[in-house]
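One structure is given here, and the rest of the page talks about it.
Every number in this text was worked out from the coordinates using simple rules, so none of it is lab data. Being a predicted model, the structure only gives us computed values, none of them experimental. When we count neighbours, we look across all protein chains shown, and the Cβ atoms used for this are built from the backbone with ideal geometry, even at glycine.
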Amino acid sequence: MQRTETLKTLSPQAFAELGMESVIYIKPVVENGVTAFAVHNATGQPIGLMESPAHAKAAALEHELEVVSLH
C-alpha cells in the first residue's frame with residue numbers, strides 16, 4: 001500500500017499520534033451571522049475561533065504550530 005493510501009486509513013487518533021499535534025488548519029465558519037475562522041487540530045477538533053485568517057496564522061506561529069492547507 002502506498003503512503004498516501006496508508007494515511008487515508010488511519011483513525012484521527014492514530015494520525016494525531018504521528019506527531020501531528022503541532023499542525024493545524026483554518027476554515028471559515030459563520031458564527032452569529034458573522035464570518036469567523038475556526039482553528040482545528042490534525043484530528044479535526046476545533047481549538048479556537050479567530051476574526052481573520054491573518055490572526056489565526058499569527059496565533060499559530062506564536063504557539064509554534066504549522067498551518068496546513070486542506071483541499
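Things worth noting here:
- Values of log10 I(q)/I(0) for the chain across q = 0.20 Å⁻¹ run -0.83, by the Debye formula with one identical scatterer at each alpha carbon and no solvent.
- Which of THR4, THR35 has the fewest Cβ neighbours within 10 Å, and the rest in rising order: THR4, THR35
- The C-alpha atoms of the chain define a longest principal axis, and helix 53-62 lies at about 60 degrees to it.
- Pairwise FRET efficiency - LEU49 versus LYS8, Cβ, R0 = 25 Å, nearest 0.05: 0.35
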